[in-house]
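The block underneath contains the structure these notes are about, expressed in structure tokens.
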Amino acid sequence: MSKLKVAVIGAGSISDCHLQAYASNPEVEIYAICDLNETRAAEVAKQYGASHVFTDYKDLLALPEIHSVSICTWNDSHAEISIAALDAGKNVLCEKPLCQTVKDALEVEKAVHRSGKLLQVGFVRRYSDNAQILKKFIDEGELGEIYYAKASSLRRLGNPGGWFADKSRSGGGPLIDIGVHVIDICWYLMGRPKVKSVSANVSNRLGNRANIRNLSFYKAADYDAEQNTVEDMANALIRFENGASLLVDVSFTLHAKSDETAVKLYGDKGGAELEPEISIIGEKFDTILNMTPQVDFKSFDFMGSFRNEINHFIDSTQGRKETLSPVEDGVEVMKMLCAIYESAREGKEITL
């Protein structure tokens, strides 16, 4: 059987996670790489054996033999490239967030429907083994009705700078970059309830703290300490129509003792934590039990989850599975993110 030819648009750091996962899938041939930086595109193509290199994604999409594409570009181009790829007859795996605005998200959704092609949103945490283990417990009723959840993604020092810190390209800071992951996985495990209202705060008090020494953090390739137009921190209370609520806080920089990632869910029969380590809390014989699943990775398995995501994407394009993160979910998460920014900007609760 001939292999499925895939392409990656955007050869920055996150693309390597996609490329490693594609390279490990026996059904796939990495066929083309596109990046505005031709030298970088050529280097990545050589590393992964891709035979075609482009600097204009439109030229790449013109190749009829390309079956699917991963979009790993700046957030401001996600919608434009996704729509073009779908209209060109390609299946699409678009890195999160789906785009920058609800309006654009709805246009992407329209393109999915008119093209009949698949778009999978890169909510990679949904594809982790631990998330699927926990979802099984939830689906079987072990937690009962989930009425409250908490999502935290806090960095004490970790503004990557570059395009991440340029609101025009990123759409925002920690909320739209790292917060989107923990918000989404909580919402997914809660059963994807319809959002009712959002009340939020955003702060820009600390800047990027480029003055700090003796503590390293990831910096974008185009890091510039003088450029920073995104928030330091955001927090929000999201209310759902079923009466449940989600409390969120995220930061690129914060006067905290340490970094923290937490995903916690509370139901009327039991509770669970996905991060920092998977744990299930229940009752039996009038005694509270803390149950620890015996798994290879107690916390998020980064590369394993990307492999799961890519493999699921390929299976979905072949009709063997349904994606766990369809375009409709990308639209709903975009509504939450935009409502958080709007609530903070307006200083009031936003009703959806």
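The values are calculated or read from the model by the stated rules, or taken from the named source; none is laboratory data. Bear in mind that the values here come from a model prediction, so they are computed numbers and not experimental data. Cβ coordinates were reconstructed from backbone atoms using ideal geometry, including for glycine residues, and neighbour counts include every protein chain displayed. Surface areas here come from the heavy atoms of the whole protein model, side chains and all, with no ligands, DNA or RNA. Shrake-Rupley method; radii C 1.70, N 1.55, O 1.52, S 1.80 Å.
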Picked from segment 1-30 (must be among the polar types (S, T, N, Q), within 21 Å of Asn308 (Cα to Cα) and part of a loop (DSSP other than H, G, I, E, B)), the residue least open to solvent (accessible area, probe 1.4 Å) is Asn25
Which number in (1) within 26 Å of Phe240 (Cβ to Cβ); (2) open to solvent by 50 Å² or more (accessible area, probe 1.4 Å) marks the one condition that Asp286 misses?
-> (1)
For residues that are open to solvent by 10 Å² or more (accessible area, probe 1.4 Å), in contact with a Phe, Trp or Tyr (Cβ under 8 Å, 6 or more places away or on another chain) and not aromatic (Phe, Trp, Tyr), scanning just segment 163-177, find the one that is farthest from Ser216 (Cα to Cα).
-> Arg169
How about segment 31-53: which of its residues are touching a helix residue (DSSP H, G or I) at 6+ places or on another chain (Cβ under 6 Å) and either surrounded by fewer than 23 Cβ atoms within 10 Å (Cβ to Cβ) or of a type outside the set (A, V, I, L, M, F, W, C) (or both)?
-> Asp35, Tyr48, Val53
Determine, yes or no, whether Ala85 is more than 17 Å from Ser325 (Cα to Cα), in contact (Cβ under 8 Å) with a residue 12 or more places away in the chain, among the small types (Gly, Ala, Ser) and buried (at least 21 other Cβ atoms within 10 Å of the Cβ).
-> yes
Just for segment 91-100: of the residues that are closer than 15 Å to Val327 by Cβ and touching a residue at least 40 places away in the same chain (Cβ under 8 Å), which one is surrounded by the most Cβ atoms within 10 Å (Cβ to Cβ)?
-> Leu98
For Glu226, the lone unmet condition from (1) buried (at least 16 other Cβ atoms within 10 Å of the Cβ); (2) of a type outside the set (Ser, Thr, Tyr); (3) modelled with pLDDT under 95 is (1)
Surrounded by 22 or more Cβ atoms within 10 Å (Cβ to Cβ) and out of contact with any strand residue (DSSP E or B) (no Cβ under 6 Å at 6 or more places or on another chain), is that true of Tyr127?
-> yes
If you scan segment 54-72, which residues turn out to be part of a loop (DSSP other than H, G, I, E, B), touching a Ser or Thr at 6+ places or on another chain (Cβ under 9 Å) and either over 11 Å from Val6 (Cα atoms) or open to solvent by 70 Å² or more (accessible area, probe 1.4 Å) (or both)?
-> Cys72
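A quick yes/no check of all residues on (1) open to solvent by 10 Å² or more (accessible area, probe 1.4 Å); (2) among the basic types (Lys, Arg); (3) assigned by the TED database to the domain that holds Pro97; (4) in contact (Cβ under 8 Å) with a residue 24 or more places away in the chain:
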residue	(1), (2), (3), (4)
Asn242	yes, no, no, yes
Leu246	no, no, no, yes
Gln294	yes, no, no, no
Gly319	yes, no, yes, no
Taking segment 132-162 and the residues there that are in a helix (DSSP H, G or I) and free of Cβ contacts under 8 Å to residues at least 40 places away in the same chain, the one that is least open to solvent (accessible area, probe 1.4 Å) would be Gln132
Name the single residue, out of those in segment 248-269 being farther than 24 Å from Gly161 by Cα and in contact with a Phe, Trp or Tyr (Cβ under 8 Å, 6 or more places away or on another chain), that is surrounded by the most Cβ atoms within 10 Å (Cβ to Cβ).
-> Leu265
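From the set of residues in segment 56-76 that are farther than 20 Å from Glu309 by Cβ and in contact (Cβ under 8 Å) with a residue 60 or more places away in the chain, which is farthest from the chain's Cα centre (by Cα)?
Filtering first and then ranking leaves Glu65.
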Run down Glu95, Glu29 and say which single residue is within 16 Å of Gly171 (Cβ to Cβ) and at pLDDT 95 or above.
-> Glu95
